[in-house]
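*Asks:* Before I ask anything, let me first share the structure, which is written out below as structure tokens.
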Amino acid sequence: MPEHTHRKTRTGVLAVLLAALTSPAAVLAGPEEDRQAFVDFFQGQFPDIPFDEFVNGIYAIDADARAQWMEIEEFPPYEFAIERGEALWLEPFANGSTYADCYEQPVGEIRAAYPQFDAARGQVVTLELSINDCRAANNELALEYDASDMIDLSAYLAFVARGKKINVRVPEDSPGAMAAYEAGKRFYYSKRGQLNFACADCHVTSVGLRVRADRLSASLGHPTHFPVYRSKLGGMISLQQRFFGCIRDVRAKPFELQSQEYRNLEFFLSYMSNGLTINGPGARK
């Protein structure tokens, strides 16, 4: 079937999904009903792909790309980031404390605890934000969110959390958490920029279709494998750096990394991927 026919069909299905996620009834139904509709959509579009495979992005859909990716994974380009991240994690601060002293969980469970809604602060806290919170508590300067040290730390925490399942909580009795979740959902489905695209236009409607030489991946599972090494960039990037790039590519003005907008979006997308396993850091074209 021609790609334009696929797109027309999926656009109709997307309209049904949008109605399910944005109707007054959906608001009353809650995030879990949203998540189930999201999962059902992708499993309906790709019935031969097991749920767990969506952690692999486009490599779950494109067999040729998967073969190339598996060759890359034999000598992962992100190994250096993991090694540097582990060294940074273990290095004491000037006061003698370490990052581990800031967290209640064992190191292998930290990544799976984020993002989370902090009721005391009234906002979503991501893993990267928590790392800078830890530094501030130990009188250390904050890291830039696109700095190699920040990416390496998050790569290490993703690596030691491999196999843990995403389990983001959106307490329905928390107005703040629900507002953050709904804001992330609105961002995801809102069109923006000169191209008038929403996140869903690429990663729901057009999944598997080509943009130049690349195929578009499904949003289901996106948060599981970040940070990633991108071959075309020759380096590691975070999930929010990918948000930044996508917004820029549709010719809209990107938000700052760790802005409220991006943290709410990460909160929503991570909740949509609940039940999938963390397999970061990853490698992507």
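The values are calculated or read from the model by the stated rules, or taken from the named source; none is laboratory data. Note that this is a predicted model, so its numbers are computed, not measured. Every residue, glycine as well, gets a Cβ built from its backbone with ideal geometry; the counts of neighbours run over all protein chains shown. What goes into the accessible areas is simple: the full protein's heavy atoms, side chains included, and nothing from ligands, DNA or RNA. Shrake-Rupley method; radii C 1.70, N 1.55, O 1.52, S 1.80 Å.
*Asks:* State in Å² the accessible area per residue of the stretch 24-123; use a 1.4 Å probe, count heavy atoms of protein chains only, and round to the nearest integer. Let's see the in-between values first.
*Replies:* Values: 5600 Å² over 100 residues.
Value returned for the stretch 24-123: 56 Å² of accessible area per residue.
*Asks:* Label the stretch 20-132 by shape, choosing from rounded, prolate and oblate, from the square roots a ≥ b ≥ c of the eigenvalues of the Cα gyration tensor; if a/c is under 1.5 it is rounded, and otherwise prolate applies when a/b is larger than b/c, oblate when it is not. Don't skip to the answer; put the middle values down first.
*Replies:* Details: a/c = 3.74, a/b = 1.23, b/c = 3.05.
Here the stretch 20-132 falls in the oblate category.
*Asks:* Ranked from the most accessible area to the least, with a 1.4 Å probe and all protein chains present, what is the order of ASP101, ASP152, ASP48, ASP214? Working shown, then result.
*Replies:* Numbers: ASP101 105, ASP152 5, ASP48 145, ASP214 60 Å².
Output order, biggest surface exposure first: ASP48, ASP101, ASP214, ASP152.
*Asks:* Only bridges whose two residues both fall in the chain count here: according to DSSP, what percent of them are antiparallel, nearest 5? Kindly include the intermediate steps, with their values, before the conclusion.
*Replies:* Details: 10 of 13 bridges.
The answer is about 75 percent antiparallel.
*Asks:* Let me ask you something else. Ignoring any ligand, DNA or RNA, what whole percent of the accessible area of the chain comes from carbon and sulfur when the probe is 1.4 angstrom? Please list the in-between numbers first.
*Replies:* Working: 7290 of 13760 Å².
That share works out to 53 percent.
*Asks:* Angle, helix 31-45 long axis vs. longest principal axis of the chain, Cα atoms, 0 to 90°, nearest 10?
*Replies:* It is inclined by approximately 60 degrees.
*Asks:* Taking H placed 1.01 Å from N in the peptide plane, check which residues at least 5 places from PHE197 or on another chain put their amide H under 5 Å from its amide H.
*Replies:* Those lying under 5 Å, H to H, from PHE197 are ARG192.
*Asks:* Could you list, by residue number, the cysteines of the chain that have no other cysteine's beta carbon within less than 4.7 Å of their beta carbon?
*Replies:* For the chain, the answer is CYS199, CYS202, CYS246, because their Cβ atoms have no other cysteine Cβ under 4.7 Å.
*Asks:* Pulled fully out, how much extra length does the chain show between ALA120 and GLU32, if you take 0.36 nm times their separation in residues and subtract their Cα-Cα distance? Don't skip to the answer; put the middle values down first.
*Replies:* Numbers: separation 88, 0.36 × 88 = 31.68 nm, distance 2.37 nm.
Extending this stretch completely gives an extra 29.3 nm.
*Asks:* Another question, then. What shape does the stretch 219-280 have by the C-alpha gyration tensor, where a ≥ b ≥ c are the square roots of the eigenvalues, rounded means a/c under 1.5, and otherwise prolate means a/b greater than b/c and oblate the rest?
*Replies:* Working: a/c = 2.09, a/b = 1.17, b/c = 1.78.
Judged from the Cα gyration tensor, the stretch 219-280 comes out oblate (a/c at least 1.5, b/c at or above a/b).
*Asks:* Per 5 Å bin from zero, what fraction in whole % of the C-alpha pairs of the stretch 143-285 is there, up to the bin with the longest pair?
*Replies:* It works out to 2, 10, 16, 23, 23, 17, 8, 2, 0, 0, in whole percents.
*Asks:* Also, quick follow-up: Around SER174, what is the net charge, scoring Lys/Arg as +1 and Asp/Glu as -1 over all other residues with Cβ under 15 Å from its Cβ? Kindly include the intermediate steps, with their values, before the conclusion.
*Replies:* Numbers: positive: ARG121, ARG169; negative: GLU32, ASP118, GLU172, ASP173, GLU182.
Combined, the nearby Lys, Arg, Asp and Glu give -3.
*Asks:* Using only Cα atoms, tell me the angle between helix 148-160 and the longest principal axis of the chain; keep it within 0 to 90° and round to the nearest 10.
*Replies:* Computed tilt is about 80 degrees.
*Asks:* With n ≥ 4 as the cut-off for DSSP H runs, can you work out [θ] at 222 nm for the chain, using -39500 (n - 2.57) per run divided by the number of residues, rounded to the nearest 500? Please report the intermediate quantities before stating the final value.
*Replies:* Working: 11 runs with 132 residues, N = 285.
Helix-only estimate at 222 nm: -14500 deg cm²/dmol.
*Asks:* Round to the nearest 10 and give me the degree value, 0 to 90, for the angle of helix 79-90's Cα axis relative to the longest principal axis of the chain.
*Replies:* Between helix and principal axis, roughly 40 degrees.
*Asks:* Let me ask another. Given the options PHE159, ALA180, ALA198, identify the residue whose Cα lies farthest towards the positive end of the charge dipole of the stretch 159-198 (+1 on Cβ of Lys, Arg; -1 on Cβ of Asp, Glu).
*Replies:* PHE159
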